Structure formats: structure tokens, C-alpha cells
1. May I ask you to verify whether B:A245 is modelled with pLDDT of 90 or more, closer than 15 Å to B:V335 by Cβ and of a type outside the set (V, I, T)?
2. Do the conditions hold for B:S258, that is, is it hydroxyl-bearing (S, T, Y) and surrounded by fewer than 21 Cβ atoms within 10 Å (Cβ to Cβ)?
3. For A:D302, all conditions in the list (1) buried (at least 18 other Cβ atoms within 10 Å of the Cβ); (2) in the same structural domain as A:V345 (by TED's automatic domain parsing) hold save one; what is the number of the exception?
4. With the requirement that a residue be part of a loop (DSSP other than H, G, I, E, B) and either charged (D, E, K, R) or touching a His at 6+ places or on another chain (Cβ under 8 Å) (or both), what does region A:321-337 give you?
5. I'd like to know if region B:120-127 contains one or more residues that are among the hydroxyl-bearing types (S, T, Y), within 14 Å of chain A (Cβ to nearest Cβ) and touching a residue at least 24 places away in the same chain (Cβ under 8 Å).
6. Of all residues in region B:307-335, how many are part of a loop (DSSP other than H, G, I, E, B) and either surrounded by fewer than 16 Cβ atoms within 10 Å (Cβ to Cβ) or more than 25 Å from the chain's Cα centre (by Cα) (or both)?
7. What is the residue count in region A:253-285 for residues that are surrounded by fewer than 17 Cβ atoms within 10 Å (Cβ to Cβ) and within 9 Å of chain B (Cβ to nearest Cβ)?
8. Can you say whether B:V228 is modelled with pLDDT of 90 or more, farther than 18 Å from A:D265 by Cβ and more than 9 Å from chain A (Cβ to nearest Cβ), as far as the supplied structure shows?
Amino acid sequence: MALLEIDNLSVHFETDDGIVKAVDGISYTVDRGQTLGIVGESGSGKSVSSLTVMGLSRSRNARISGSIKFDGKELLTSSDDELRKIRGNDIAMIFQDPLSSLHPFYKVGAQIVEAVRTHRNVSKQQAYDRAIEMLGLVGIPEPRKRAESYPHEFSGGMRQRAMIAMALANDPKLLIADEPTTALDVTVQAQILELIERLQSEFDTAVVVITHDLGVVAEMADEIAVMYAGRIVEHAKTDTIFAGPEHPYTWGLLSSIPKLDSPRDEELVPIAGRPPSLINLPGGCSFHPRCPYVKPAHMKTDPTLEPVPGSDGHKVACLLAHETRQKLWRELREGTAPVEARADVMQDAPPPEAIEALEETEGRPAPTTVEEQPS
Amino acid sequence: MSDTATTPETGARQPGRGEPLMEVRDLVKHFPLTSGIIFQRKVGAVQAVDGVSFDVMRGETLGLVGESGCGKSTTARLLLRLMDATSGSIRFEGQEISDLSGERLKTLRQDMQMIFQDPYSSLNPRKTVGTIIGEPFAIQGMHTGEGERKKTVQELMDTVGLNPEHYNRYPHEFSGGQRQRIGVARALALKPKLIIADEPVSALDVSIQAQVLNLLRQLQRDLGITLVFIAHDLSVVRHMCDRVAVMYLGRIVEMASSEELYAHPRMPYTGALMSAVPVADPRLAAEKKRQVLAGDVPSPTNPPKACRFHTRCWKAQEICRTEDPPLEVKEGGNVAACHFPLTDAEVAERVPTFRARKG
């Protein structure tokens, strides 16, 4: 049995402007010791889905449906008290911004003591010893002395490590890391990634890492789920996502980052337009306004996540035929521009409305702006 | 010294290369630390930039990379005279600019512009896009006729891929990528010779980031602008820059053309940076041995003596603690400040881009 089983989870928020479909029917599982990477742009619902696992999106206007099973126990119907026992104990979370996630008034050591004493019946001294042990484990020099420091006396990397120490103090079975290294320099990022990997192999912790950085998931994750507009559009093993991706959005992500081993004069191929408003999702496939391979039918039919034939554990939500997708990716990998690849493979002129729709999204400032800073 | 070998590819990109647009010598910026309330005594200094020398060639893209706090943004502000240097010389087209003031500085600013990191806080929310992009004209007293200025601004909007009809909209009506385009249009308004871009894409999503990077590259090709590009994302820097200078604690520790720097970094710090970049390719990622630097960057208030990197360097020996290594040409053409530069074998083990040299 998988450690975490999420089935058809939806999180909708009612707002004055309409219903925000932040997460719209996603399913995935994570096993013990496994790392799942969730990738997507800002506003794709990747953070909301994991906040919901922690029970942190329960607000008055939230409409949550589906099922989240942790260790066989349904979390969505659990009471707040039951969740509080699990949160910080069996499931821990590392947030992006360590300065706003640590309390500025309390010493770092005391904050870890609080995390330990909330869940374990131990003396203050025992909890304090545990805090110092954890600070040492995450590589903070002179842990006994630094436990008496305030968060503002720590550097960014040290704060992030202190937060990891706090998250791991109770030996969680599942660690959710929401952009754990986005605010950090590459050298510190390497330290943190190494630390998470080492702790994971020592304690057999399952890790869900949420990021927009494809490099981070390439190094850390066993499996990757790509999210777009509240849905998972592609899910596969890490190698498969990079070697044989099937969704045009994944292709777009892969060709919009500069690669370290490609010629320098290679042009990047950005994805046209920008993510849709989660209040007014485009009809049909929600990626269709930005997809270079759209057909008229794609604007009406909503694709479901279906297994890719001949590729184990690989699922994709795309209306194009499997053979077409394979041919397109082969062309794209050679460096062919999307428009030409379409002309070569699909042998039809792009429907004019589709191109109009594409241009319109490009130039139109939406009334409800989706935040674009990496979340 | 900074005039390293140019590769055929970068050399062919711009005519008039090889001639420096800007020459920086021994640039120093120390921020004083004071104590006391009425009688403020100087008790030390944050040595943000400490003796930096380099040239910016006409038409090239020079990258500045380094960890936060290494002085790259301070250097950018010093170059533009947004801040006064403690000492050192900056020559722009042969003219010393570090002591310019008043009218002459204002005239100079026509030639140098900046693109900022955060497209949310660098645009005035109360002004329309037209006013924001037209502001440089208002300051310099150009295109004073209302219709004329509007026309020029709309042409600029068109150049950077914004819809000219959105002239009267406010910044909040635009997405992050479009806002950064507004920033680019504002920087282009006075047809500058030099643009300094300080982390122009780090606040943007990957798909949007590619749009802005392509725009910058295309504008540079079309308009022949010289670009100083500051970023911490090393794959973006490689994609954008002809030459790269690596900074550590206020000093340049290595400088080379992009190809050379990424193929064979010589300074162990550069090697560690490159080894730390997560590679979006699982096979490459599995091959390399990640070199993790221990600890944090030392405080610039009291930097280590001699080689500033010796406290974190795995190759450091006694001489590194006593003698400051000069910035000199090492094997392969890189200019680096190091007593014990990395060998090819050490690079091959750590740096995923090493094989690019053979291939």
C-alpha cells in the first residue's frame, strides 16, 4: 500500500469573482522512500494541492472533494484535532521562504523544542537535546551555540537548514518540500538538496518536492508530475519525462530552458501566451490556447489522464494521437520550430481561429492576473 | 588583462568588437559601519566591491555571476553612477565618468540604462505605461510634442512586443513577463549604448523567462547594444553572455569567454558553482559528482586575508592564506586568481559541461 494516496482531489475556492479551480481532480501516489516531483508554473495548483494534504487549505470558502489517504487513513474527513496529531509529526513541510516561516521572536532552538514537545511526551531538556542533535545533523556549525540564536542572525541557507531540522525532528514518514531552494544561491541549493537526499536514504522518508525548476527535479525525483491549470497533464518516471515526454506543455517547458550542453546560439522556444485564469478556464483542453498543435476538436473535448501505450507508468492528458506526439517530439528534439514540426507531422494548416486565440492571449492583459512570481 | 581570446562565434556576432566601450580599473566601494549616536565613529567597512578591473567590449554581452553578497549588483550600480565609488576609475568611451556631476552626468545617462530584477516594484503603479516608457524623454527634454512622444513610445512598445494600443493602461493590468517588457522598452527609449540588466528574468516563470531572454538577444542583435547581464542562473548566463566574470566577496576571481569558462573553469570556486547547478537532464545529472562547498560566504566586513576563497576551498594550502593570487592567464585561456587552478581531470569529474569541450 502506498504511503500517500490522492484520488480525484479538487480544491475550489469561492471568491467574489467566481470559483477559482485551484486543483481540479488530481490523483497520485507516493511510496515510502520515494521522491515525487511536482512541476508547473505559478498558479498551476501545485502548492495548493500539497497544502491540502497538510490540511492547511481548509478555509470557509474552500470546497474540497476527493480523497487523501495517508497510511490508509482518510485525511479529508479527519477532524482538526486528528490532523494536528499528524501534521508536523508524520507529515512535515518545508516552505519556500524560511524567514517568514520561522518566528522572529523566538530562538531557533526553542522553536524546534516546541515542534518536538507538541507531538512527544518528553521533558524540556530531552526535547532541547533533540533540537541540538537535529541542528548538528543538518550541518549547522556549533549547534549548541546556534540554538540560542534568533532567526535573523542566521543566513538564508542556515535558516532553510534550521527549518529542515524542525521538519525532520519527529522523523516524519512524508516530507513535503515546497520550492525548498528557490530563494537560495546555487551553492547553498546544492547543500540543501544533498541534505534532503541523505536524510531520505537514512530514514526512508517519502518526499514530495514542488518546484518550477526542472533541474532540481531531474536530480532529486524518481517520478515527475507536470501540472497545468489545476490538473496533472503528464506523469512519468523522471527519465521518461526528459527522454520521451508526450505532452506539448512538457515539451514547451523543456525547450524554454537553456541547456548547459547545447550550442550557445540555439534559440529558446518559449510557450506562447501565459497560464489561464483559474476562474475562466478555456473550454476543452485547458492548454489549447497556448498549444501549437491544437485542432478544432481540442477546444471542445476535455482530455483525461490516460496511460501511454508501451511506456510503463507513463500517463498523459492530450488529445493528439500517440504516434503524432512521438513524431512531433522527435522533430522538436532535433531543433525544429513548433510550427514547422506541426506542418511536417500533422499535414494540415493550423486552423485560423486557433492562431487568433493564441495571439489574443499573448497581447491581452487579463482582468484577474494570476501571480507569476515563482511561488 | 581582461581582453581574453575571442572565439570565432562570438567574434562574428558584432562588428566593431575588440574595442572597449567601458574600462573599469581598481573599482572599490566600501560602505562604512559606524557606531555612536551623535559622534559617529567609523568602526569598519563592508567591502562590497574591492578592487575590480574589467573591460566591456562594444556589442558584447558580459555576464557577472556570483553568490548573493558578492558585489555584483553594487558593481552594476557603480557603473551607472547610481552610487559613487570609494575609489577607482570608470571610463566610458574613453571619458572618465567617476567624477561627473550635474548636466554632464545627465547627458551620460542617455547612453547607459538599466533593467531591474523585479517587474512589480520597478514600475510606478500610478502611472500609465505610456508615461512610464516616455519618462526618459521627459527627463531629457526630448520629443516634447504630445503626439510625437506618443508615437515614439508606441513604436518602442511595438519593438518589445507589447500592443501599442495599451498605451493608456496601468502596470497592474499586465502580467509579469509583459511588465518586464515595459522595463525593457523604458531602457531602450533613449537608444543607449550600454544596458545593464540586473537579474532581469529571475522573478519570472520558465516559459515567460524564455520570452524575455529571446527579446533581449534579438534586440541586442538588431540594435547593437552592449549588455552587462547579471544573473545567478548559470545556464541562463551561458546562453546569454559572450564573456563571463565570476565574482566572490567583492573581487573578480575568474574571467573567460563563455565557452572556455564552462568547458574548463580554473578557479575552484567557479568549478564548485558549475558543479552545483542542477542539470535538467537526468543522465548528465547522474554522471557528475556534485561538489558541495561547505559553509557560507564569509562576511564582507572582515574578509579572509590573501585569497578570499581559502576558507572554503578544498585545494587550499599555506600559500593561499598568506599570498593574494594575481588575476592571470591560466591553461586554456581563462583569466583566474588562483595558486592551484583546477586540472582538466578535476574539472571532468565535477562539471557536467566539461564534455562540451571534446564534443
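The values are calculated or read from the model by the stated rules, or taken from the named source; none is laboratory data. Given the structure is predicted, the values throughout are model-derived calculations rather than measurements. No Cβ is skipped: glycine too gets one built from the backbone with ideal geometry, and neighbour counts run over all protein chains shown.
1. Numbers: modelled with pLDDT of 90 or more: yes; closer than 15 Å to B:V335 by Cβ: yes; of a type outside the set (V, I, T): yes.
The answer is yes for B:A245.
2. On the way: hydroxyl-bearing (S, T, Y): yes; surrounded by fewer than 21 Cβ atoms within 10 Å (Cβ to Cβ): no.
When the stated conditions are applied, B:S258 does not pass them.
3. (1)
4. Of all residues in region A:321-337, those part of a loop (DSSP other than H, G, I, E, B) come to A:321, A:334-337.
Answer for region A:321-337, where residues must be part of a loop (DSSP other than H, G, I, E, B) and either charged (D, E, K, R) or touching a His at 6+ places or on another chain (Cβ under 8 Å) (or both): just A:E334.
5. Residues of region B:120-127 among the hydroxyl-bearing types (S, T, Y): B:120-122.
This time we only want the ones that are within 14 Å of chain A (Cβ to nearest Cβ), so: B:120-122.
Right, trim to touching a residue at least 24 places away in the same chain (Cβ under 8 Å) and you get B:120, B:122.
Checking region B:120-127: at least one residue is among the hydroxyl-bearing types (S, T, Y), within 14 Å of chain A (Cβ to nearest Cβ) and touching a residue at least 24 places away in the same chain (Cβ under 8 Å).
6. The initial filter retains those residues of region B:307-335 that are part of a loop (DSSP other than H, G, I, E, B), namely B:307-317, B:323-326, B:330-334.
When the remaining residues are screened for being either surrounded by fewer than 16 Cβ atoms within 10 Å (Cβ to Cβ) or more than 25 Å from the chain's Cα centre (by Cα) (or both), the result is B:311, B:314-317, B:323-324, B:326, B:331.
Within region B:307-335, residues that are part of a loop (DSSP other than H, G, I, E, B) and either surrounded by fewer than 16 Cβ atoms within 10 Å (Cβ to Cβ) or more than 25 Å from the chain's Cα centre (by Cα) (or both) number 9.
7. The qualifying residues number 6.
8. Numbers: modelled with pLDDT of 90 or more: yes; farther than 18 Å from A:D265 by Cβ: yes; more than 9 Å from chain A (Cβ to nearest Cβ): yes.
Yes.
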